[in-house]
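Novice: Dropping the structure in here first, questions after.
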Amino acid sequence: MKTILVTGGAGYIGSVLVRQLLARDYRVRVVDRLDFGGESLMELFQEPAFEIVTADVRDTAAMQEALRGVDAVVHLAAIVGDPACARDPDMARSINLDGSLQLYDLADAAGAKRFVFASTCSNYGKMADQDTLVDESSPLQPLSVYAETKVGVEEQLLAQPATRTCKPTCLRFSTAYGCSPRLRLDLTVNEFTKELALGRELLVFGAQFWRPYCHVRDLSRAIIAVIEADESLVAFDVFNVGDRRENYRKQMIVDCICEQIPNASIKYVHKDEDPRDYRVSSDKIKRTLGFEISKTVPDGIAEFRRIIQGGLLPDPDAAKYSNLAAIEAAAKRAA
């Protein structure tokens, strides 16, 4: 059994990935600060192949210990999203940039063979041509602290000498959606579906801007595809994760929701100043690894509609379902 270290394993993507890895008979060691609690992993404590280390990825001693005997590292831990990073840019840079690069060096020193880095399609910023899709060769134009830190790590990882033991792969994730043990309702598809499923009026800003979308389970599947791929196919390389057919304007997402929730109430607010606007091709990961998504945005909408309308969430507005709200609530408690 190979041992995989997953940083941020209690998070939105991590808690899905950990279960997928265990199902494929990997040993899984999670490192997480548990900023959002550890409930997403509670049921796994009975699994003999699972263990968790409560630590900050910047803690050198803790990470050196956690990396013992590890075959591969999946690095998900980060301050995630533009609003959360903008709240404390220095902390975001410390964790997302400095912490990530230190972790890679420690993983290499520990003898880990693979390092899968969770990056973002936000790195593309704004596409120059509305009629074309950006791909891995397109210029990067990070327009937020979050994207800046991800680009910074990518540049350093991909510039490492090929002689290093630990071979990095960068995955630029599309905007995530879908159900996870650590639920998030501050993501576009999830949030829009929640509001309309609750019978509320949905306020939509900048309905014309493009984004690529991918279900959280498929993002996790892509990570495993990289781990299990021949090293020559993925080492020192970068892949967009998603599907070219899953690029949507916000208006298009609303239209998809309205097909499942008729007579929904929507109010549009015109907005031109959002600098991010990009349609993405993920053909490379399909061509190289044979990876294809298993779910589409309408699937995710149906999933969340059933959850909300079925009353499975007694308090869908709870702060714990929003990264920024949860961080601010924790800061108030600490004060």
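Values quoted throughout were computed directly from the atomic coordinates according to the rules given, and no laboratory measurement underlies them. Nothing here was measured: the structure is a model prediction, and the numbers come from that model. Every residue, glycine among them, receives a Cβ derived from its backbone with ideal geometry; neighbour counts consider all protein chains shown.
Novice: Which one is farthest from D230 (Cα to Cα) among residues in region 291-315 that are in contact (Cβ under 8 Å) with a residue 24 or more places away in the chain and small (G, A, S)?
Specialist: Here the answer is A302.
Novice: Among the candidates R217, R184, which residue alone is under 17 Å from the mean Cα position of the chain (by Cα), crowded, with 20+ Cβ neighbours inside 10 Å, farther than 24 Å from D135 by Cβ and charged (D, E, K, R)?
Specialist: R184 is the lone residue from the list that is under 17 Å from the mean Cα position of the chain (by Cα), crowded, with 20+ Cβ neighbours inside 10 Å, farther than 24 Å from D135 by Cβ and charged (D, E, K, R).
Novice: Just checking, how many residues over region 76-97 are surrounded by fewer than 19 Cβ atoms within 10 Å (Cβ to Cβ) and of a type in the set (G, A, S)? I'd like the intermediate steps shown before the answer.
Specialist: From region 76-97, those surrounded by fewer than 19 Cβ atoms within 10 Å (Cβ to Cβ) are 82-83, 86-91, 93-94; that's our starting set.
Narrowing the set further to residues that are of a type in the set (G, A, S) leaves 86, 94.
The total comes to 2.
Novice: Regarding C179, is this residue crowded, with 22+ Cβ neighbours inside 10 Å and not aliphatic (A, V, I, L, M)? Steps first, answer last, please.
Specialist: Working: crowded, with 22+ Cβ neighbours inside 10 Å: no; not aliphatic (A, V, I, L, M): yes.
So C179 fails the test.
Novice: Please indicate, with yes or no, whether at least one residue in region 47-55 is part of a strand (DSSP E or B), of a type in the set (D, E), closer than 20 Å to S119 by Cβ and without any contact (Cβ under 8 Å) to a residue 60 or more places away in the chain. So that I can check it myself, show each step before the final result.
Specialist: If we filter region 47-55 for residues that are part of a strand (DSSP E or B), which is where we start, we get 50-54.
Next cut, of a type in the set (D, E) only: 51.
Checking which are closer than 20 Å to S119 by Cβ leaves us with none.
No: region 47-55 contains no residue that is part of a strand (DSSP E or B), of a type in the set (D, E), closer than 20 Å to S119 by Cβ and without any contact (Cβ under 8 Å) to a residue 60 or more places away in the chain.
Novice: Can you find even one residue in region 306-328 that is on the phi > 0 side of the Ramachandran plot and under 18 Å from the mean Cα position of the chain (by Cα)? Break it down stepwise before answering.
Specialist: Pass one, region 306-328, residues on the phi > 0 side of the Ramachandran plot: 311.
Add one more test, that the residue is under 18 Å from the mean Cα position of the chain (by Cα), and what stays is none.
No.
Novice: Which fully enclosed strands (runs of 3 or more DSSP E) of region 224-298 have 2 or more residues being farther than 30 Å from Q156 by Cβ? Give the steps one after another, and end with the answer.
Specialist: Values: elements: 237-241, 247-249, 265-269.
By residue number, 247-249, 265-269.
Novice: Separate question: Just one of the numbered conditions (1) assigned to a helix (DSSP H, G or I); (2) surrounded by fewer than 23 Cβ atoms within 10 Å (Cβ to Cβ) is not true of Q160; which one?
Specialist: (1)
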